[in-house]
Amino acid sequence: MELNSVSHTFVLIEEPARSDAVEGYLQRPRERAMTKRRLRVRQTRSLEERLAENAARLRERADQLPAGAEREALLKRARLAETGAKLSDWLITRTTGS
């Protein structure tokens, strides 16, 4: 409870009731962090495939635009995706010895 002074008159203000769940949430932040579940997604396609598809999609979008900054930004993103796919493929072949 909290006392507020308003025009020399004291008003008693009650805090709203909290449920047990809210109290636990407020009192145990460290435990809450330890039990928080992470959303995991199992990929069905390889990273290289996803990057190559993204690069192709970006190039298609860039081809539809007139010359300018937006087109260049899309082409740059496409080149980065292609480079990432090649690097990932290179790393896989280096580590597996194929």
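Look at the range 42-70: where a residue is over 14 Å from residue 86 (Cβ atoms) and in the same structural domain as residue 83 (by TED's automatic domain parsing) and a partner is surrounded by 14 or more Cβ atoms within 10 Å (Cβ to Cβ) and of a type outside the set (A, V, I, L, M), sitting 6+ places away or on another chain with Cβ atoms under 7 Å, you get 58/77; 62/71; 65/71. The single condition from (1) of a type in the set (D, E, K, R); (2) in a helix (DSSP H, G or I); (3) at pLDDT below 90 that residue 42 fails is (2).
The set of residues in the range 66-98 that are basic (Lys, Arg) and either under 22 Å from the mean Cα position of the chain (by Cα) or modelled with pLDDT of 95 or more (or both) comprises 71, 76, 77, 79.
The values are calculated or read from the model by the stated rules, or taken from the named source; none is laboratory data. Computed from a predicted model, the values in this text were never measured in an experiment. Note: ideal-geometry Cβ built from the backbone for every residue, glycine included; neighbour counts use all protein chains shown.
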